[in-house]
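Just below is one structure, and these are the notes that go with it.
The values are calculated or read from the model by the stated rules, or taken from the named source; none is laboratory data. A quick note: this is a predicted structure, and the numbers were derived from the prediction, not measured. FYI the Cβ positions are ideal-geometry reconstructions off the backbone, even for glycines, and counts take in every protein chain you see.
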Amino acid sequence: MVPAIARPPSSSPSRWSCSSRPKGPRVYDWAAAKLPAIADFDGDQPTRDRWVLARRSVARPDELAYYLAYAPIGTTVAELVRIAGTRWAIEEAFQAAKNECGLDQYEVRRYPGWYRHITLAVLAHAFLAAMAGATGNEKGAAETVPTLSHRSPWRKSGDSWQLTVLR
């Protein structure tokens, strides 16, 4: 294990927010260490650095999470933390696609059927997200807006419908 993060980050942790959310920023203690280059993968002149990040919860210090990163040379730890924070947005998008578009409702036996189902579910989710973004409404706002009612010339009378002429 890398000596810099073999134990929880306590000696000199950096406290950063990795993403924001409606309830406030997600703030954690972070520690990072560069890993040595691997000649078989990186070659003689590596263009990327290998990193290991350790994240510790401020509220629950016994909870640790680790990330491996392969980033261009010159990438800062703050940038790696920001990118690690995008994980929650991706998880929320997948959960929304499961709930709204049936992303997890496939029952197919072969790859082509699975591929069609996943493709259509993701396209449907993208369409719904684009439409929600275009309206600018918050979640659930469309359900509270009253619709314009148009009077229909059809009236129900007992068990049948009758056409009435509106004057």
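Some observations on this one:
- Unmet requirement for residue 56, which otherwise passes all of (1) without any contact (Cβ under 8 Å) to a residue 40 or more places away in the chain; (2) surrounded by 10 or more Cβ atoms within 10 Å (Cβ to Cβ): (1)
- Selection of the range 47-70 for residues being assigned to a loop (DSSP other than H, G, I, E, B) and of a type in the set (Ser, Thr, Tyr) yields only 47.
- In summary, residue 9 fulfils each of the numbered conditions (1) assigned to a strand (DSSP E or B); (2) modelled with pLDDT under 75 with the single exception of condition (1).
- All positions within the range 66-100 that are of a type in the set (A, V, I, L, M), closer than 13 Å to residue 32 by Cβ and either surrounded by fewer than 14 Cβ atoms within 10 Å (Cβ to Cβ) or without any contact (Cβ under 8 Å) to a residue 24 or more places away in the chain (or both): 68, 69, 71, 78, 83
- Residues satisfying the stated conditions in the range 97-112, i.e. out of contact with any Asp or Glu (no Cβ under 9 Å at 6 or more places or on another chain) and closer than 27 Å to residue 131 by Cβ: 99, 100, 101, 102, 103, 104, 105, 106
- Verdict on residue 44 being of a type in the set (Asp, Glu), in a loop (DSSP other than H, G, I, E, B), at pLDDT below 80 and at negative phi: yes
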